[in-house]
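The values are calculated or read from the model by the stated rules, or taken from the named source; none is laboratory data. Computed from a prediction, not measured in an experiment: that's the story for all the values here. Positions of Cβ are backbone-derived with ideal geometry, glycine not excepted, and every protein chain shown enters the neighbour counts.
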Ligand code: SAH
């Protein structure tokens with residue numbers, strides 16, 4: 001029986017160097033292979049043209065490269081691209097390229113499915129199957145980076161962890177992926193151009209602060225009233241707003257970074273004055289920005305985008321309280337690529 005070969009990208013550079021030394025080769029060979037694996041994003045050992053055939057064969061005998069495969073690419077009329085990405089075990093996740101006049105943003109997944117049960121999100125209907133490995137997250141970014149150059153003639157400029165899954169429930173792997181994305185040995189992107197979006201896991205937000213991460217944090221709030229938030233984001237019963245706020249206060253005290261909230265206003269759910277007032281109250285402890293995002297319907301009559309008057313009220317009240325507010329239009333709706341629509345349709 002063939003023993004299961006190891007994923008070579010699970011090895012650190014040091015481990016790869018040690019491996020070559022044990023094989024009687026030079027540690028430097030480890031650097032070369034490492035460069036192929038990350039900076040050059042090689043799909044196979046055959047690609048490694050400055051490595052001898054014999055060494056490539058030895059690597060093949062010992063390891064696999066579990067590179068993702070873009071199974072299907074859909075392009076929206078607004079330039080948005082959605083990739084259905086096949087993993088080595090045939091599970092599928094999705095990632096999205098969002099172009100604007102000045103940016104190209106990659107929206108990447110961190111888990112296969114999701115264990116949270118947000119009532120308005122299509123991904124919540126999929127069972128959480130497993131966490132993505134760092135290389136699977138990295139590969140999604142590389143695929144979009146290449147598509148950005150090919151279809152939009154420019155490199156990727158930003159990354160948001162707003163695809164499938166809850167990034168803070170796969171924290172270690174997300175951190176390792178970001179490490180590769182930002183390292184000169186990987187893509188060399190600035191961490192300031194990366195946003196990790198969380199539904200709010202207090203313990204992990206504190207951990208991020210302690211780890212002094214350099215990327216940005218966004219919190220999917222949607223309501224600052226416990227009762228309302230629990231009804232649409234049931235895990236709020238376990239991590240209530242008081243705990244979330246305490247963690248965010250800790251985050252702010254350590255990082256001095258403004259906090260961004262993602263917020264959808266739904267008719268009859270959070271479209272009243274008391275909802276805005278609660279939001280203002282919640283935001284008070286630190287400089288804040290609220291992104292009012294458009295609701296993307298997920299074949300569920302229960303949720304409907306609030307009318308423009310309610311949105312105007314939110315904007316006016318927030319601005320009057322010195323809270324930065326933006327109203328964000330959805331992108332890629334025609335191909336189910338917008339926020340909360342990722343669910344492997346078909
Ligand atoms: N689990 C993370 C990241 C994935 S969701 C988080 O909760 O932040 C990415 C963003 O899309 C979140 O702000 C989420 O609240 C929002 N979202 C989910 N479903 C949506 C929908 N149907 N319409 C608009 N936004 C949605």
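Take the conditions within 19 Å of the chain's Cα centre (by Cα), more than 20 Å from residue 124 (Cα to Cα) and crowded, with 16+ Cβ neighbours inside 10 Å and apply them to residue 255. Does it pass? Talk me through it step by step, then tell me what you get.
Numbers: within 19 Å of the chain's Cα centre (by Cα): no; more than 20 Å from residue 124 (Cα to Cα): yes; crowded, with 16+ Cβ neighbours inside 10 Å: yes.
Taking the combined requirement at face value, the residue does not satisfy it.
I need every pair where a residue in the range 324-341 that is closer than 14 Å to residue 109 by Cβ and more than 9 Å from the ligand (Cβ to nearest atom) has its Cβ under 7 Å from the Cβ of a residue that is part of a loop (DSSP other than H, G, I, E, B) and modelled with pLDDT of 85 or more, sequence separation at least 6 or different chains.
Final answer for the pair search is 337/76; 337/80.
Return yes or no: is residue 137 crowded, with 18+ Cβ neighbours inside 10 Å and touching a helix residue (DSSP H, G or I) at 6+ places or on another chain (Cβ under 9 Å)?
Details: crowded, with 18+ Cβ neighbours inside 10 Å: yes; touching a helix residue (DSSP H, G or I) at 6+ places or on another chain (Cβ under 9 Å): yes.
So residue 137 passes the test.
Would a scan of the range 116-133 turn up a residue that is more than 21 Å from residue 192 (Cβ to Cβ) and more than 16 Å from the ligand (Cβ to nearest atom)?
Taking the range 116-133 as the starting set, the residues that turn out to be more than 21 Å from residue 192 (Cβ to Cβ) are 116-133.
From what is left, the residues that are more than 16 Å from the ligand (Cβ to nearest atom) are 133.
Yes, because at least one residue in the range 116-133 is more than 21 Å from residue 192 (Cβ to Cβ) and more than 16 Å from the ligand (Cβ to nearest atom).
Among (1) within 16 Å of the ligand (Cβ to nearest atom); (2) more than 29 Å from residue 83 (Cβ to Cβ), where does residue 254 come up short?
(1)
Per-residue answers, yes or no, for (1) part of a helix (DSSP H, G or I); (2) without any contact (Cβ under 8 Å) to a residue 40 or more places away in the chain; (3) under 30 Å from residue 35 (Cβ atoms):
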site: 169; (1), (2), (3): yes, no, no
site: 212; (1), (2), (3): no, no, yes
site: 218; (1), (2), (3): no, no, no
site: 224; (1), (2), (3): no, no, no
site: 229; (1), (2), (3): yes, yes, no
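State all residues of the range 209-222 that are more than 11 Å from the ligand (Cβ to nearest atom) and on the phi < 0 side of the Ramachandran plot; if no residue qualifies, say none.
Restricting attention to the range 209-222, the residues satisfying the condition of being more than 11 Å from the ligand (Cβ to nearest atom) are 209-216.
Matches in the range 209-222: 209, 210, 211, 213, 214, 215, 216.
Considering only the range 287-301, state which residues are more than 11 Å from the ligand (Cβ to nearest atom), in contact (Cβ under 8 Å) with a residue 12 or more places away in the chain and either part of a loop (DSSP other than H, G, I, E, B) or within 12 Å of residue 120 (Cα to Cα) (or both). Even if it seems obvious, please write down each step before you answer.
Step one: of the range 287-301, the residues more than 11 Å from the ligand (Cβ to nearest atom) are 287-290, 301.
In the following step, the residues that additionally are in contact (Cβ under 8 Å) with a residue 12 or more places away in the chain were identified as 287-290.
Hit for the range 287-301 is 287, nothing else.
Can you find even one residue in the range 174-193 that is under 13 Å from the mean Cα position of the chain (by Cα), within 13 Å of the ligand (Cβ to nearest atom) and more than 16 Å from residue 37 (Cβ to Cβ)?
yes
So that you can scan it fast, the table gives a plain yes or no per residue for (1) modelled with pLDDT of 95 or more; (2) closer than 26 Å to residue 129 by Cα; (3) within 16 Å of the ligand (Cβ to nearest atom); (4) more than 26 Å from the chain's Cα centre (by Cα):
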site: 233; (1), (2), (3), (4): yes, yes, yes, no
site: 238; (1), (2), (3), (4): yes, yes, yes, no
site: 242; (1), (2), (3), (4): yes, no, no, no
site: 321; (1), (2), (3), (4): yes, no, no, yes
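The conditions are (1) assigned to a helix (DSSP H, G or I); (2) away from the ligand (no atom under 14 Å from the Cβ); (3) more than 21 Å from residue 75 (Cβ to Cβ); (4) touching a residue at least 12 places away in the same chain (Cβ under 8 Å), and residue 311 fails exactly one of them. Which is it?
Every condition holds for residue 311 apart from (2).
Out of the range 134-162, which residues are within 15 Å of the ligand (Cβ to nearest atom) and either in a loop (DSSP other than H, G, I, E, B) or touching a strand residue (DSSP E or B) at 6+ places or on another chain (Cβ under 7 Å) (or both)? Even if it seems obvious, please write down each step before you answer.
Here is the first cut: in the range 134-162, the ones within 15 Å of the ligand (Cβ to nearest atom) are 137, 140, 158-162.
Once the filter is applied, which keeps residues that are within 15 Å of the ligand (Cβ to nearest atom) and either in a loop (DSSP other than H, G, I, E, B) or touching a strand residue (DSSP E or B) at 6+ places or on another chain (Cβ under 7 Å) (or both), the range 134-162 yields 140, 158, 159, 160, 161, 162.
Restricting to the range 104-117, and then to whatever is modelled with pLDDT under 95 and surrounded by fewer than 24 Cβ atoms within 10 Å (Cβ to Cβ), can you tell me which residue is nearest to residue 67 (Cα to Cα)?
Here is the first cut: in the range 104-117, the residues modelled with pLDDT under 95 are 113-117.
In the following step, the residues that additionally are surrounded by fewer than 24 Cβ atoms within 10 Å (Cβ to Cβ) were identified as 113, 115-117.
On the way: 113: 19, 115: 25, 116: 27, 117: 30 Å.
Per the stated criteria, the residue is 113.
Could you give every pair whose Cβ atoms fall below 9 Å, whose first residue belongs to the range 154-166 and is at positive phi, and whose second residue is modelled with pLDDT of 95 or more and within 15 Å of the ligand (Cβ to nearest atom), counting only separations of at least 6 or pairs across chains?
If the second residue must be modelled with pLDDT of 95 or more and within 15 Å of the ligand (Cβ to nearest atom), the pairs left are 165/93; 165/109; 165/110; 165/111; 165/112; 165/131; 165/132.
Quick check on my filter: what residues within the range 240-257 are touching a residue at least 40 places away in the same chain (Cβ under 8 Å) and touching a strand residue (DSSP E or B) at 6+ places or on another chain (Cβ under 9 Å)?
244, 248, 251, 255, 257, listed by residue number.
Does the range 58-77 include one or more residues that are within 31 Å of the chain's Cα centre (by Cα) and without any contact (Cβ under 8 Å) to a residue 12 or more places away in the chain?
Looking for residues that are within 31 Å of the chain's Cα centre (by Cα) and without any contact (Cβ under 8 Å) to a residue 12 or more places away in the chain, one finds none in the range 58-77, hence no.
In this structure, does residue 190 turn out to be touching a helix residue (DSSP H, G or I) at 6+ places or on another chain (Cβ under 9 Å), modelled with pLDDT of 95 or more and crowded, with 22+ Cβ neighbours inside 10 Å? Can you show your working first?
Details: touching a helix residue (DSSP H, G or I) at 6+ places or on another chain (Cβ under 9 Å): yes; modelled with pLDDT of 95 or more: yes; crowded, with 22+ Cβ neighbours inside 10 Å: no.
In short, no.
Evaluate the range 120-133: report whether one residue or more is part of a loop (DSSP other than H, G, I, E, B), over 14 Å from the mean Cα position of the chain (by Cα) and crowded, with 22+ Cβ neighbours inside 10 Å. Walk me through how you get there before you give the answer.
Step one: list which residues in the range 120-133 are part of a loop (DSSP other than H, G, I, E, B), which gives 120-121, 126-129, 132-133.
Subsequent filtering for residues that are over 14 Å from the mean Cα position of the chain (by Cα) retains 120-121, 126-129.
Filter once more, keeping what is crowded, with 22+ Cβ neighbours inside 10 Å: 121.
So far as the range 120-133 goes, yes, one or more of its residues are part of a loop (DSSP other than H, G, I, E, B), over 14 Å from the mean Cα position of the chain (by Cα) and crowded, with 22+ Cβ neighbours inside 10 Å.
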